[in-house]
1. Within 10 Å, count the other beta carbons around each residue, average over each peptide in B:297-306, A:109-118, and list them highest first.
2. Considering every Cα-Cα pair within the stretch A:163-320, what fraction, in whole percent, is farther apart than 28 Å?
3. Per-residue counts of other Cβ atoms within 10 Å, averaged by peptide: what ranking do you get for B:220-230, A:249-259, highest first?
4. What does the average come to when, for each residue of peptide A:124-134, you count the partner chain Cβ atoms lying within 10 Å of its Cβ?
5. From the phi of every residue in the stretch B:189-201, what ³J(HN,Hα) in whole Hz does the Karplus formula 6.51 cos²θ - 1.76 cosθ + 1.60 yield, where θ is phi - 60° and glycine or proline is x?
6. Taking each residue in B:140-153, count the Cβ atoms of any other chain within 10 Å of its Cβ, then average. What number comes out?
7. Which of the residue pairs A:Lys25/B:Lys136; A:Lys136/B:Lys127; A:Lys136/B:Lys269; A:Lys136/B:Lys25 have a Cα-Cα distance greater than 25 Å in the structure shown?
8. Hey, can you grab everything whose amide H is under 5 Å from the amide H of A:Lys136? Only 5+ residues off in sequence or another chain; H modelled, so Pro and N-termini drop out.
2 protein chains.
Amino acid sequence: MDKVLLDYGSGGRASHRFVADLFFKYLGNDILARMDDAAVLSLTGPVAMSTDSFVVDPIFFPGGDIGSLAVHGTVNDVAMMGARPLFLTCGFILEEGLPMDDLARIVASMGQAAREAGVRIVAGDTKVVPRGAADKIFINTTGIGEIMVDPAPSGHRAAVGDVVIVSGSMGDHGLAILSTREGLSFEAPVVSDSACLAGIVGKLLAAVPGVHALRDPTRGGLATTLNEIAGQSNVGIELTQADIPIHPAVAGGCAVLGLDPLYLANEGKFLCIVPEDQAQAAQAAITAHPLGAGAKVIGRVVADHPGKVALVTPLGGKRLLGMLEGEQLPRIC
Amino acid sequence: MDKVLLDYGSGGRASHRFVADLFFKYLGNDILARMDDAAVLSLTGPVAMSTDSFVVDPIFFPGGDIGSLAVHGTVNDVAMMGARPLFLTCGFILEEGLPMDDLARIVASMGQAAREAGVRIVAGDTKVVPRGAADKIFINTTGIGEIMVDPAPSGHRAAVGDVVIVSGSMGDHGLAILSTREGLSFEAPVVSDSACLAGIVGKLLAAVPGVHALRDPTRGGLATTLNEIAGQSNVGIELTQADIPIHPAVAGGCAVLGLDPLYLANEGKFLCIVPEDQAQAAQAAITAHPLGAGAKVIGRVVADHPGKVALVTPLGGKRLLGMLEGEQLPRIC
């Protein structure tokens, strides 16, 4: 068959063949292969659990696709709690008529991303809805991992005097999706940064276990994520605009389109908030990893304006950087 | 606002307000309230993990709605591994324009179902897609629970001589959805059996820890589920048709529509396969619970026809009961 049929979601023989041919082939492991109602896992101590549904449009984009993004997105959320991601479940909602080649490419990409991230896909579910009831494919992933540090990093732990570091340039994923969807092209290609952050975060925590907060600035971008942390910890955050790394192509594209890269989603970057005396060690650990080569100290936690984020502009002015108000870009992840 | 807007899925201020007003109100607890990228949970020993996406149409039906169904479905899958369900994540995909009243009713129903099941919703995600890109609302739930018995029940453990028990009448959910969707009415109303099975399964396992297999016959119905177990354990299963409980209204509706209730989904029933010398104790434990009042011994595990399920008809004939072939009813759960 060259297209997804309603039969494939029935739970009957057609679904079983479909699951065996596709999901076991690309995602299989000994736990998934048992095919019971739930996977049996062995976990010890405190664990982190996170869920995300992915509805990105288009499903293929420069730097990734909905499959690898669905793995990276959830693995990264688990990693942000100072945890080593171990297990992932995936739930597919497929539109009748989705080309099988597209689906196979997506599932293969998920399998590769999972192997690279060191996680096993231990349970799954497939629903097929009639044509027009969904747009091509939606994927939910839920991840679980063992927390490596105590206390775990949290948005509630930012403290006055702490330093804010980002692992690289901001806005790449958001602009890559938008420009692909709208058929825009810029002088230099804009590529999503979609990547698994578990490895680099593991290195960081091994060097600096006392990291106060870790967060990946996805939907809403850096500005929204820092506003969340400022609110959770009831502190102010002050950023130096000139220090925030932004690819020239992203800066240029945003200028043309009237977008602010500080509100665009990232899918392979994180920010960390660390005590001042550990900032140098943290930056060294991050920049030593290929995914953190462009890391920068971009600001600090202050006692002023608790709950708010301020940006010091190149001319020395200061303005508040609010949370994203409405929706810049639907279906960005 | 009386309808879901794209802004609510942005990750920005509008999403935060939306999440606070709706999800925290109905689903809130101390873990969810921390609003970090992942929930921090404490688990010990072997755990069971399961995921399901719910795309049922219509979203409200006699006996439940997509919200309570999403809780019951996943909690039940976890319970079928002999586990006590503890934590649930939920991922919402909402269509722009969904009436807020409908969403609030669904989320309130999820909250009530979770409280009744004794599980906490510890992480969530909301995506909003433009009108036409999804049909009203899809919900993924992923659940985790601590396994109470060792070894855990599994479809691989059915053994020749074992007895097959079902906890009540077959096909209610499937026919309730179909008749609501198609606007059919029968003499007696047909109501979904959607319910949380964790309590009754806990009682069963306390009385009979040696249960070999537990399964809730959802998509594909009793026939498909037993075929799966026959295949996993490489045994035959023989059922006595006259002993399989079916509501007269369901039997009548199926006769009119040309459907077989043994292939229709159930959402509040389970089957167990137990050693013969423990069958009486198992049946007593099940029937003592309100959700198991209609439990029956319906067959046994045999050495004949391994991997297949046979049905002994009231006239004494025997026919093979295959797995569901195609799709009887899309969007049944």
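1. With the highest mean Cβ count within 10 Å placed first, the list reads A:109-118, B:297-306.
2. Across the stretch A:163-320, Cα pairs with separations above 28 Å total 18 percent.
3. For the peptides B:220-230, A:249-259, the packing ranking is B:220-230, A:249-259.
4. The per-residue average across the peptide is 6.
5. Residue by residue, the stretch B:189-201 yields x, 9, 10, 4, 8, 2, 6, 7, 9, 4, x, 5, 5 Hz.
6. Across B:140-153, the average partner-chain Cβ count within 10 Å equals 4.
7. Beyond 25 Å: A:Lys25/B:Lys136; A:Lys136/B:Lys269; A:Lys136/B:Lys25.
8. For A:Lys136, whose amide H was placed from the backbone, the distant partners under 5 Å are A:Glu95.
Read-outs throughout are calculated quantities, based only on the coordinates presented, and are distinct from any laboratory measurement. Source: prediction; values computed, not measured. FYI the Cβ positions are ideal-geometry reconstructions off the backbone, even for glycines, and counts take in every protein chain you see.
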